[in-house]
Amino acid sequence: MELWKHAFPTPLQIRDVAAEAEEAGWHGLAVVDSQNLTGDAFVALALAATVTERIELGIAVGNSVTRVAAVNACAVLSVDQASGGRMVFGIGRGDSCLVHLGRAPGRLKHFERHLRQLQAYLSGGEVPFDEIDIPLEVAPPADALELAEGPGTSRIAWGTLSSDDAAIGPRKVPVEVAATGPRVIGISAVHADRVMFALGADPERLAWGIEVAKAARRDAGLDPDGVKFGAYVNMGCARDIDIARDLIRGPMSVFARFQLMQGGTPIGPTSDETAETLRKLHEAYDMGTHSRNQSPQAATLTDEFMDRFGVVGPPDRCIEKLEELRSLGIDKVLLAAQFNENAYDTPEGVAARQLVETEVLPVVQAA
């Protein structure tokens, strides 16, 4: 099982964060992509590539709205070449990156089209001009230029499987989709290289997500075992379970919110107690305190919910929960508790990080 660390792409700090993550033994480092809240994710990963040699680098996650697919693909290929082939691109429908532009997550049809185009670009393929989402009122067709000759379709002519100048040789950069609901799970199962479930660490919910993904592939005439599975998981590791919970309340509130993003009924198998907790969190959510431990939404999470939804407690308990996820078919876990309002810079946070890196990483990644 791959264990990945989550971080903010702060330009002045990312090199230290990346070097420390590699030295500590993490399989990968993924950064947030939210332009109004932090630095540019791709710039940060390019900087991280200059101070590391082994660790994989990723975005968790990009989106299909703020960049057209060609721009996303170009940035992905740039980091992949700068890192010598260590880039992994995670994408979703968008959350904080769009809220701070006054928008909700991207629509499903648009997201699926973007994902298809992204995979085409990264594979050296072509995308018809009429499928590119640039409104005509923003830029008219290139025919208006009356060129003697021009490209007939859109493709990236460098750094892909079909180009001649790929510095690292032929390589298809993996694309992962952050997925919660059945429709996005289905889309990602068909078009992505790995489905990254944002369903917490609840084995019942993850088993449900895996079956939804496999069913979607069967319906599309594809091998149900032809896609990989991973999960975004909030993990608080401490000898004292109360301290462990308090370290990850804010980050867990972010991922718990995805289960009931726009109200209604929670996604996937859910107990009455869990549904009530999610309802309260949805009603209390304040995007101004997004991911913070001291927030109205974080205060709604009960101990029982946190223990079920996350990986919480001393190292042996964390290892046991991660092994349970591995047995389901989860081969990658991104520990999404590595960012909040500096909780990991406190004495309790420093101790928690040391426990993860000295007692959890070596056991789980060696198995």
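Output yes when any residue across region 196-208 is among the aromatic types (Phe, Trp, Tyr) and out of contact with any Lys or Arg (no Cβ under 7 Å at 6 or more places or on another chain), and no when none is. Yes, region 196-208 contains a residue that is among the aromatic types (Phe, Trp, Tyr) and out of contact with any Lys or Arg (no Cβ under 7 Å at 6 or more places or on another chain). The conditions of being in contact with a helix residue (DSSP H, G or I) (Cβ under 7 Å, 6 or more places away or on another chain) and farther than 29 Å from residue 74 by Cβ are not met by residue 261. Cβ-Cβ contacts under 6 Å between residues 6 or more apart (or on different chains), taken from a first residue in region 294-316 that is farther than 15 Å from residue 271 by Cα to a second residue that is part of a helix (DSSP H, G or I) and among the acidic types (Asp, Glu), are listed as 315/359.
Summed over region 172-189, the residues that are open to solvent by 10 Å² or more (accessible area, probe 1.4 Å) and either without any contact (Cβ under 8 Å) to a residue 60 or more places away in the chain or on the phi > 0 side of the Ramachandran plot (or both) give a count of 2.
Within region 291-306, the set of residues being within 28 Å of residue 358 (Cα to Cα) and open to solvent by 40 Å² or more (accessible area, probe 1.4 Å) comprises 292, 303, 304.
Any residue that is of a type outside the set (A, V, I, L, M, F, W, C) and under 24 Å from the mean Cα position of the chain (by Cα) - is there at least one of those in region 126-133? Checked region 126-133: at least one residue is of a type outside the set (A, V, I, L, M, F, W, C) and under 24 Å from the mean Cα position of the chain (by Cα).
Restrict the check to region 239-247 and report whether at least one residue is outside any strand (DSSP E or B) and touching a Cys at 6+ places or on another chain (Cβ under 7 Å). Checked against the condition, which is being outside any strand (DSSP E or B) and touching a Cys at 6+ places or on another chain (Cβ under 7 Å), region 239-247 yields at least one hit. Look at region 18-47 and say how many of its residues are over 17 Å from residue 61 (Cβ atoms) and touching a Pro at 6+ places or on another chain (Cβ under 9 Å). Going through region 18-47 one residue at a time, the tally reaches 2. For residue 156, the criteria (1) among the β-branched types (Val, Ile, Thr); (2) touching a Cys at 6+ places or on another chain (Cβ under 7 Å); (3) open to solvent by 20 Å² or more (accessible area, probe 1.4 Å) hold in every case but one, which is (3). May I ask you to list the residues in region 121-151 that are in contact with a Phe, Trp or Tyr (Cβ under 8 Å, 6 or more places away or on another chain) and free of Cβ contacts under 8 Å to residues at least 24 places away in the same chain? Across region 121-151, the qualifying residues are 141, 142.
In region 190-228, the residue that is nearest to residue 113 (Cα to Cα) out of those that are assigned to a strand (DSSP E or B) and open to solvent by 10 Å² or more (accessible area, probe 1.4 Å) is 194. Evaluating residue 324 against the criteria (1) open to solvent by 40 Å² or more (accessible area, probe 1.4 Å); (2) without any contact (Cβ under 8 Å) to a residue 60 or more places away in the chain; (3) within 15 Å of residue 204 (Cα to Cα) leaves one unmet condition, (2). On inspection, residue 157 fails the criterion of being without any contact (Cβ under 8 Å) to a residue 12 or more places away in the chain and part of a helix (DSSP H, G or I).
The values are calculated or read from the model by the stated rules, or taken from the named source; none is laboratory data. Remember, predicted model here, so these are calculated numbers, not experimental data. FYI the Cβ positions are ideal-geometry reconstructions off the backbone, even for glycines, and counts take in every protein chain you see. When the accessible area is computed, the model is the full protein with side chains, heavy atoms only, and any ligands, DNA or RNA have been set aside. Shrake-Rupley method; radii C 1.70, N 1.55, O 1.52, S 1.80 Å.
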